[in-house]
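Starting off with a structure, shown below.
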Amino acid sequence: MATSAQEAFLKAFHANHPAATSEAFGDGRTPDNRSSYQVLASRVAGAGRVLDLGCGDGALLELLAATGRELTGIDISPDSLALARRRPALAEARLLEGRAQELPFADNSFDACVSHMALMLMGEIERVATEIARVLVPGGTLACAVGGGAAGGEGYQVFLDLLRPLVESAPAEHRIPPMGDRRTRTREGLDEILGPAGFGPATWETVVVDLSAPVERVWSSVSCLYDVPPLGVETVASLRERFVAEAAAITRPDGTVPCGLRVHVATASAAPS
């Protein structure tokens, strides 16, 4: 029941916001001037057949397509997939609606699996890990990016400090269902999930994605959090007003609001044959 509620919410959310993740993260840059998508893509540089689990609107697949691979994306949102199908670079990619817990692929179908800010949202995570291991070749690579929270007392933290009491005081009908498994957000927790499925210990890197921008652009990024729209139009409008007002105190002379988000990038190898 919990997983079905999660998935129903995600489908409804992405029906209204099909490109929410790429809109939030696409312009962000790490200290070496890469997006979180580029960081993740670099982890599977040598893989020929790649599955993007929770591919959304295809932003990561488009990056991977630049080097000529056999690409497959799967997502539960038909609306996000519709955007992915409009990307010319993905004309040859397989883009399927489906669940990570029941992957519609044969054993040993892929050399690598990537997942950008999606694995952490999935229910029945042990089943997901088993399915990923099944469709990867022996020694294949799983590379995923998961959220790591605010990177200091900047715009994102200001936003979270305003959001939390609103979520905590909201009636049940204005809250999202519990999402995913918290273990995916730590190295130890991820190893606990992946180990029984046959993966070796994960390598773990934390990068800071800089989303600093003028206040309205920062608001667009941070307000893509799943918790926000269910609060209702009036509450969200009030939240925006308060955020803009408090962000003024930390706005830089160039008119940008500092905003940083930690992203954990984990890589693990499936058991060799």
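Looking only at the range 1-36, count how many residues are exposed (fewer than 14 other Cβ atoms within 10 Å of the Cβ), at pLDDT 90 or above and outside any helix (DSSP H, G or I).
Selection size over the range 1-36: 3.
Here's a check for you: in the range 162-203, which residue that is among the hydroxyl-bearing types (Ser, Thr, Tyr) and surrounded by 15 or more Cβ atoms within 10 Å (Cβ to Cβ) is nearest to residue 139 (Cα to Cα)?
Among residues in the range 162-203 that are among the hydroxyl-bearing types (Ser, Thr, Tyr) and surrounded by 15 or more Cβ atoms within 10 Å (Cβ to Cβ), the one nearest to residue 139 (Cα to Cα) is 184.
When you scan the range 142-161, do you find a residue that is within 20 Å of the chain's Cα centre (by Cα), of a type in the set (S, T, N, Q), crowded, with 20+ Cβ neighbours inside 10 Å and under 25 Å from residue 206 (Cβ atoms), even just one?
No, there is no match, as no residue in the range 142-161 is within 20 Å of the chain's Cα centre (by Cα), of a type in the set (S, T, N, Q), crowded, with 20+ Cβ neighbours inside 10 Å and under 25 Å from residue 206 (Cβ atoms).
Does residue 129 satisfy the condition of being at pLDDT 95 or above and either more than 22 Å from the chain's Cα centre (by Cα) or under 22 Å from residue 21 (Cβ atoms) (or both)?
For residue 129, the condition - at pLDDT 95 or above and either more than 22 Å from the chain's Cα centre (by Cα) or under 22 Å from residue 21 (Cβ atoms) (or both) - is met.
Yes/no per residue for (1) of a type in the set (Gly, Ala, Ser); (2) over 30 Å from residue 257 (Cβ atoms); (3) free of Cβ contacts under 8 Å to residues at least 24 places away in the same chain:
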| residue | (1), (2), (3) |
| --- | --- |
| 37 | no, no, no |
| 41 | yes, no, no |
| 44 | no, yes, no |
| 51 | no, yes, no |
| 60 | no, no, no |
| 67 | no, yes, yes |
| 90 | no, yes, no |
| 93 | yes, yes, no |
| 108 | no, yes, no |
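A further question follows. Please state which of the following conditions residue 162 fails to meet, knowing it meets all the rest: (1) touching a Phe, Trp or Tyr at 6+ places or on another chain (Cβ under 8 Å); (2) assigned to a loop (DSSP other than H, G, I, E, B).
Failed condition: (2).
Of the numbered conditions (1) within 28 Å of residue 186 (Cα to Cα); (2) under 23 Å from the mean Cα position of the chain (by Cα); (3) of a type outside the set (S, T, N, Q), residue 217 fails exactly one; give the number of that condition.
The single condition residue 217 does not satisfy is (1).
Then there's this: Could you please let me know if residue 206 is assigned to a strand (DSSP E or B), among the hydroxyl-bearing types (Ser, Thr, Tyr), surrounded by fewer than 15 Cβ atoms within 10 Å (Cβ to Cβ) and at pLDDT 95 or above?
yes
Enumerate the pairs (first residue in the range 145-160 and in contact (Cβ under 8 Å) with a residue 40 or more places away in the chain and within 14 Å of residue 211 (Cα to Cα); second residue anywhere and assigned to a helix (DSSP H, G or I) and acidic (Asp, Glu)) with beta-carbon separation below 6 Å, excluding pairs fewer than 6 apart on the same chain, so at least 6 apart or on different chains.
Once the first residue is in contact (Cβ under 8 Å) with a residue 40 or more places away in the chain and within 14 Å of residue 211 (Cα to Cα) and sits in the range 145-160, its partners that are assigned to a helix (DSSP H, G or I) and acidic (Asp, Glu) give 158/246.
If you don't mind, another one. Quick check on the range 80-89. Is at least one of its residues aliphatic (A, V, I, L, M) and over 23 Å from residue 50 (Cβ atoms)?
no
Next up: Being surrounded by 17 or more Cβ atoms within 10 Å (Cβ to Cβ) and part of a strand (DSSP E or B), is that true of even one residue in the range 117-127?
No, the range 117-127 has no match at all.
Consider residue 244 carefully, then state whether it is touching a residue at least 40 places away in the same chain (Cβ under 8 Å) and in contact with a helix residue (DSSP H, G or I) (Cβ under 7 Å, 6 or more places away or on another chain).
So residue 244 fails the test.
In the set 106, 20, which member is aliphatic (A, V, I, L, M), out of contact with any Lys or Arg (no Cβ under 6 Å at 6 or more places or on another chain) and more than 23 Å from residue 148 (Cβ to Cβ)?
It is 106.
Can you tell me which of (1) closer than 17 Å to residue 147 by Cβ; (2) touching a helix residue (DSSP H, G or I) at 6+ places or on another chain (Cβ under 7 Å) is the one residue 39 doesn't meet?
Status for residue 39: all satisfied but (2).
The values are calculated or read from the model by the stated rules, or taken from the named source; none is laboratory data. Please read all numbers here as calculations on a predicted model, not as lab measurements. When we count neighbours, we look across all protein chains shown, and the Cβ atoms used for this are built from the backbone with ideal geometry, even at glycine.
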